[in-house]
Amino acid sequence: MAPTSTMFLLLLVMGVIPVKSQDHWEDTRTGKIPACLPETCRKGQDICECFLTIEHRLTMMYEKEKSLVVSKGGRLYRFNSTENNPIANSDDLPFILTLDGNTSRVVIAINRLFPGPQITAYEDQTLIIHVRNLMHTDSTTVHWHGMQQLGTPYSDGVAMVSQCPLGHGQEFTYKFKAKPHGTSFYHAHIGDQRTMGLYGALIVYPKQELPSATDEEFVAVIQDWNHDDDASTLYQRMLFGVFNQNQNPKTRYVTTNSVDGGMYSRYKFHSGIVNGKGRYYLTPSMHNQAPLTEFEVDANKNYTFRVISAATLYPFRVYVEGHPTLTVVASDGFALKPITVESFVINPGERYDFILLTNQSPDDYLLVAETLEVESEIARRGEYHVAEAIIHYREKKPRNPNPSKPVRNRCTATNKCVIFNCPYLLPTSANESCLTYNDARTNDFNSAPEDVSKVDQEYFFNFAFPGEHGFTPGSVNGHQFVPPIAPLYSQPEDLTTVCDSNCADDKICSCTYTQTIENGKVYQFTLTNVGRGKGWSHPVHLHGHSFYVMKMGFGQYDSHGILTNSTPDISCSRGSKEYCNSPIWANETWNGGNVPNLVLNDTAQKDTIIVPTHGYVVIRFKADNPGAWFFHCHIDLHNTNGMGMVIVESPKLYPAKPKNFPICGDFRSNSQPLTSSGSTLKDDWKAFVSTVWAAIAFLVIRNIHV
């Protein structure tokens with residue numbers, strides 16, 4: 001080695017010559033390096049470290065050239081040049097956010113992407129994820145949906161339950177074990193920010209290969225998209241209504257129904273998107289030719305598709321055009337015994353893995369996710385509610401980036417289309433048949449349903465909108481959830497919104513609703529959707545745990561499959577207003593876990609489950625993870641309206657907070673309100689009284705001298 005080289009290395013080791021440190025924040029934000037550091041996250045490594053920067057960005061904008069873009073024929077063009085000159089720079093294209101190509105609008109991006117970058121780890125790796133908030137106007141948190149956070153409740157990412165929100169410019173490092181394996185995702189957990197794009201896929205590979213594993217796989221994150229409203233506006237529309245303001249005369253938007261008569265809330269569906277791309281249908285058959293996400297496949301191979309619903313409101317029925325069957329093999333990260341169906345239903349917060357055999361004629365097909373709304377009503381409105389992505393057979397040349405509207409797979413009375421995870425029961429005379437989650441069975445080596453064969457304690461929770469006309473908030477057992485002023489996990493002593501003990505059967509209370517459970521016990525929760533506030537289906541998600549789905553119970557239907565009444569299994573006899581704030585079994589012999597027709601063998605496990613309109617779901621889990629765990633409807637509009645609560649698990653056993661863990665809360669100079677001058681009303685009153693007495697004394701003394 002040359003003397004100069006030797007001297008350089010010596011000075012470098014001694015620290016005389018500084019080493020240029022890498023700016024991980026900016027390098028990951030701009031795509032110079034992946035979000036998760038390349039030297040981590042590999043199989044066999046202990047650590048997976050990632051950097052996520054959250055900020056606002058504009059859609060349909062070519063930032064490098066500060067130019068608007070437009071769509072044509074499934075490609076992007078500069079707004080002033082749409083003739084045979086599509087934007088083809090492969091480095092720039094991922095950062096041009098298109099959504100459905102309708103207009104340019106503000107969204108929330110992560111590392112300048114929508115959705116955010118996929119995080120891929122291996123089971124039991126330690127995930128270290130640094131999050132930075134560069135939004136100028138919004139605070140935020142990030143929840144790691146599906147991760148059980150065993151021993152790390154402070155990293156669950158729920159604003160004012162597990163942590164303080166991040167303000168502009170602030171950073172927060174989440175550290176937790178990648179467990180369980182399977183398909184999960186991360187998303188905002190404050191207000192309705194998820195609907196604006198603050199989400200991304202989180203894939204955890206298992207320690208041992210699953211029987212259903214394929215050589216190649218794809219991830220498809222599905223969302224319903226709205227042109228008009230941001231996260232804050234959506235909540236106001238939920239409260240006060242949606243209006244068709246472009247019409248003359250203006251009209252109130254009429255909400256839609258599912259095929260069984262269940263209702264959907266005030267959220268207008270304009271388009272569906274897959275991995276941040278979709279097409280806006282101007283009529284039931286004509287769209288705006290915006291680009292779609294593409295998946296490339298070879299003929300006659302098996303592929304795994306991991307489907308994630310980041311939807312705001314609507315459930316989707318997922319199928320593959322031209323492929324009469326697919327095989328569902330997992331849900332919410334837990335392997336299932338294979339179920340071969342034509343399609344499956346996915347609700348907000350759920351994840352499903354399916355295997356597709358590419359055994360059709362080489363062509364361009366569509367992965368299709370249709371809402372469960374009544375199709376004839378949507379067509380009558382001149383709309384088509386669908387999310388699409390292209391499945392392109394490599395053998396087919398040339399590729400078609402702008403395929404026609406998908407063609408439904410053919411269903412007949414003799415060759416019915418089987419649908420899995422139905423939130424309702426279809427009439428037997430239809431061309432389709434339903435499998436519910438009662439038909440699912442676990443195939444996961446981590447599942448142990450025998451652990452919940454006996455129950456120590458049971459509770460009922462009614463997810464509904466009860467109340468009098470003009471005040472029917474989202475609630476659980478009549479409690480509209482009010483977020484505390486400080487995190488319930490880290491600052492429980494600062495809770496000021498405790499629920500009153502008299503919040504009972506005929507009341508609607510606004511408070512921080514909690515239920516305490518004890519470590520080591522097996523709990524049975526019966527989730528209901530009955531009483532005066534029923535009518536909307538609710539996908540319910542439990543943080544900190546997965547659970548076993550013991551039974552799904554449905555309402556009563558007529559011969560056409562339309563709901564006519566609630567399940568007879570649940571009684572709402574407590575109270576006089578039929579709010580059903582304290583549901584019980586109609587047959588008291590069912591108490592103590594003695595419910596008929598429970599799935600006791602190979603019980604399927606998950607963390608998000610639909611509670612059918614007029615029906616119920618029985619779930620069980622073992623309390624083995626002390627912490628404060630949010631338990632809520634995963635429709636953001638329902639959640640922010642109050643449909644949630646906190647499961648407080650063995651607070652004396654909470655893991656210690658990390659050193660220098662952030663604190664937050666109210667600040668008041670004292671307990672009295674301030675006037676504009678800065679003094680309190682109490683001080684002003686004292687001064688006024690003193691002045692009056694001084695005047696009286698002066699007059700008395702003056703009269704005496706007179």
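For the chain, taking a cut-off of 4.7 Å between Cβ atoms, the unpaired cysteines are Cys633. Taking each residue as 0.36 nm, the span from Asn288 to Gln247 lengthens on full extension beyond its C-alpha to C-alpha distance by 12.7 nm.
In a fully extended conformation the segment linking Lys72 and Gln170 would gain 31.3 nm over its present Cα-Cα distance, using 0.36 nm per residue. Histogrammed with a bin width of 5 Å, the alpha carbon distances of segment 449-653 distribute as 1, 8, 15, 20, 21, 18, 11, 5, 1, 0, 0 percent, first bin at zero. Of interest is the spacing of the C-alpha centroids, which for segment 224-245 and segment 17-80 amounts to 30 Å.
To check you understand DSSP bridge types, tell me what percent of the beta bridges within the chain (both residues inside) are antiparallel, rounded to 5.
Percent antiparallel among DSSP bridges in the chain is about 70.
Remark: spin-label model distance Ser376-Asp363 equals 2.9 nm, labels positioned 7 Å along the Cα→Cβ axis. When the listed pairs Lys179/Lys657; Lys177/Lys652; Lys454/Lys521; Lys179/Lys606; Lys64/Lys277; Lys32/Lys66 are checked against a 18 Å cut-off, the alpha-carbon distance exceeds it for Lys179/Lys657; Lys177/Lys652; Lys64/Lys277; Lys32/Lys66.
Coupling constants for segment 603-609 follow from the phi torsions by the Karplus curve (6.51 cos²θ - 1.76 cosθ + 1.60, θ = phi - 60°), and in residue order they are 4, 6, 10, 6, 10, 9, 9 Hz; glycine and proline get x. Trypsin sites (Lys or Arg not before Pro), restricted to segment 250-311: which are DSSP loop and have at most 14 other Cβ atoms within 10 Å? Hits after loop and neighbour filter: Lys250, Lys301. Here is the list for segment 430-507: trypsin sites (Lys or Arg not before Pro) lying in DSSP coil, each with at most 11 other C-beta atoms within 10 angstrom of its C-beta, are Lys454.
If R0 is 35 Å, the Cβ-Cβ spacing of Asp494 and Phe240 corresponds to a FRET efficiency of close to 0.65. Can you list the residues of segment 165-180 with backbone N under 19 Å from a point 7 Å past the Cα of Lys659, pointing along Cα to Cβ? It comes to 172-176, nothing else. Going 7 Å from the Cα of Ser81 along its beta-carbon direction, which residues of segment 47-72 have the amide nitrogen within less than 15 Å of the resulting point? Zone members listed by number: 62-70. Subtracting the Cα-Cα distance of Glu217 and Asn438 from 0.36 nm times their residue separation leaves 76.8 nm of extension gain.
Taking a sphere under 13 Å around the Cβ of Pro315 and counting the other residues whose Cβ falls inside, with K and R at +1 and D and E at -1, yields a net charge of -4. Listed values for segment 314-321 are Karplus-derived 3J(HN,Hα) couplings in whole Hz (6.51 cos²θ - 1.76 cosθ + 1.60, θ = phi - 60°), namely 8, x, 10, 9, 9, 8, 10, 4, and x replaces Gly and Pro.
In the context of the full set of protein chains, the chain has a per residue accessible area of 43 Å² (1.4 Å probe). Of the trypsin sites (Lys or Arg not before Pro) found in segment 545-577, those that fall in a DSSP loop while having at most 16 other beta-carbon atoms within 10 Å are Arg574.
Normalised by 2.2 N^0.38 Å, with N the number of residues, the alpha-carbon radius of gyration of segment 255-319 equals 1.40.
Inter-label distance, Ile485 to Lys396: 6.1 nm, where each label sits 7 Å from its Cα along the C-beta direction. In the chain the Cα-Cα distances spread across 10 Å bins starting at 0 as 3, 14, 24, 25, 17, 8, 4, 2, 1, 1, 0, 0 percent of all pairs. Each DSSP beta bridge with both residues in segment 449-653 is either parallel or antiparallel, and the antiparallel ones are about 70%. The Cβ shell under 10 Å around Glu468 holds other residues with a net charge of +2, Lys and Arg each +1, Asp and Glu each -1. Of the heavy-atom accessible surface of the chain (probe 1.4 angstrom), what whole percent is carbon and sulfur? The nonpolar share, carbon plus sulfur, comes to 52 percent. Using θ = phi - 60° in the Karplus curve 6.51 cos²θ - 1.76 cosθ + 1.60, the 3J(HN,Hα) couplings for segment 512-524 round to 8, 6, 9, 9, 8, 10, 10, 4, x, 8, 9, 10, 10 Hz; x is entered for Gly and Pro.
Electrostatic tally near Ala486: other residues with Cβ closer than 13 Å to its Cβ, Lys and Arg +1, Asp and Glu -1, net -2. With loop membership from DSSP and a limit of 16 other Cβ atoms within 10 Å, the longest segment of the chain without chymotrypsin sites (Phe, Trp or Tyr not before Pro) is 446-666. 222 nm [θ] for the chain, helices only, -39500 (n - 2.57) per DSSP H run of 4+, per residue, to 500? Result for the chain, helices only: -2500 deg cm²/dmol. Could you pull out which residues in segment 593-624 have an amide N less than 18 Å from a spot 7 Å beyond the Cα of Ser571, following the Cα-Cβ vector? Residues 593-596, 616 fall inside that zone.
The values are calculated or read from the model by the stated rules, or taken from the named source; none is laboratory data. Fair warning: this is a prediction, and the values are worked out from it, not measured in the lab. So basically every Cβ, Gly included, is an ideal-geometry build from the backbone, and we count neighbours across all protein chains shown. Protein only, heavy atoms only, side chains kept; ligands, DNA and RNA dropped before computing areas. Shrake-Rupley method; radii C 1.70, N 1.55, O 1.52, S 1.80 Å.
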